[in-house]
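These notes concern the structure reproduced below.
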Amino acid sequence: MTSGPAPAITACHRYSSRNHGEILGITAGHSPARPALHSTERQWERVKANKGAPGVDGCSIEEFGKDLKNNLYKIWNRMSSGSYFPPPVLAVEIPKTHGGGTRILGVPTVADRIAQTVAVRRLEAKVEPIFHPDSYGYRPGRSALHAVEACRKRCWRKDWVIDLDIQKFFDSVRWDLVVKAVEANISDPWVVLYVKRWLEAPLQLPDGTLQERDRGTAHKDQRFRLCWLICSCITRSMRGWPGNSRVSRSSVTWTMR
């Protein structure tokens, strides 16, 4: 479903400045109960290094950096109090690699990318140690080239390959399953809260209308690893996960589109 044209965006924190009274259901005894201030500073450096285009607020990385201290404090303050609400994700049409039309790329704002990265680092610290050895997607120190190298070695021992492609996974995954997967792997209430809100963030289409969703995720930027971490939490519980199945290891490729 779609709604009318979105209001004009003129400032970096136009959407992140909502004032809401919902507070995290946590106590000081649960550590870490909220993201640390220095965490937003570290993640800003990562987002800055990745570059990327502005989101719905039109704020570039350069513009965000002009008032860096205040902008980072606002992100931390709102995430810490439970009053941070992700803005809509800007839908950008880009041509498909092999032709045949265009696909939609979701571009979060600079501030939201920082907030996402803060949550990614916390979730990553929990799930990284339990990843399957043959998982290479969006993991620190790993890449597709490492997966190719593993396949190259095994092709001399086995003459078969399993290529699993979960088509339109990010477009159709059920939110309740995503939340359950996160809750099963991390106990930080603030991470779970913001995962729910990021899932619910609408997509702002090229014509300015907002597209509400009831499943899937609007985030398709490859630099946003939270989606992959969540999906990995889900696939770990699948009966067919290589680490828990009877399928002998050869060249197994997991592809999520």
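The values are calculated or read from the model by the stated rules, or taken from the named source; none is laboratory data. These numbers were taken from a predicted model, which means no experiment stands behind them. For neighbour counting, all protein chains shown are included, and Cβ atoms are generated from backbone atoms with ideal geometry for every residue, glycine included. Note: areas computed on protein heavy atoms with side chains; ligands, DNA, RNA excluded. Shrake-Rupley method; radii C 1.70, N 1.55, O 1.52, S 1.80 Å.
Need one word for the stretch 39-142: rounded, prolate or oblate. Basis is the Cα gyration tensor (sqrt eigenvalues a ≥ b ≥ c); a/c below 1.5 gives rounded, then a/b vs b/c decides. Can you show the working numbers first?
Values: a/c = 1.95, a/b = 1.09, b/c = 1.80.
Verdict is oblate for the stretch 39-142.
Determine how large the accessible area of HIS38 is when every protein chain is in place; take a 1.4 Å probe and give Å² rounded to the nearest 10.
Rounded to the nearest 10, the figure is 90 Å².
I need the calculated FRET efficiency for the pair GLU63 and ASP165, taking r as the beta carbon distance and R₀ as 35 Å, to the nearest 0.05. Walk me through the numbers on the way to the answer.
Numbers: r = 39 Å, r/R0 = 1.12.
It comes to 0.35.
Once amide H atoms are built 1.01 Å from N in the peptide plane, which residues 5 or more positions from GLN211, or in another chain, come under 5 Å H to H?
Sorted by chain and number, the residues that satisfy this are LEU203, GLN204, LEU205.
Which sequence of TRP175, TRP156 reflects their accessible areas, 1.4 Å probe, from the largest down? Could the numbers behind the result be given before it?
Working: TRP175 50, TRP156 205 Å².
Ranked list, largest accessible area first: TRP156, TRP175.
With +1 on each Lys and Arg Cβ and -1 on each Asp and Glu Cβ, how big is the dipole of the stretch 40-126 about its Cα centre, in debye rounded to the nearest 20? Walk me through the numbers on the way to the answer.
On the way: 14 positive and 9 negative charges, 67 e Å.
That gives a dipole near 320 debye.
Which of rounded, prolate, oblate describes the stretch 133-225, given a ≥ b ≥ c as roots of the alpha-carbon gyration tensor eigenvalues and a/c under 1.5 marking rounded, otherwise prolate only if a/b is larger than b/c?
The shape class here is prolate.
What order do CYS151, CYS59 take when sorted by accessible area (1.4 Å probe), most exposed first?
Values: CYS151 40, CYS59 0 Å².
From most exposed to least exposed: CYS151, CYS59.
Around TYR138, which amide H atoms from residues at least 5 apart in sequence, or from another chain, sit under 5 Å from its own amide H, with H modelled in the peptide plane?
none
Taking the Cα-to-Cβ direction at SER172 and at GLU128 and moving 7 Å from each Cα, how far apart do the two end points lie in nm?
Output for this residue pair reads 3.3 nm.
Based on the Cβ-Cβ distance of TRP156 and ARG213, what FRET efficiency does E = 1/(1 + (r/R0)^6) give at R0 = 41 Å, to the nearest 0.05?
Working: r = 45 Å, r/R0 = 1.11.
With a Förster radius of 41 Å, E is 0.35.
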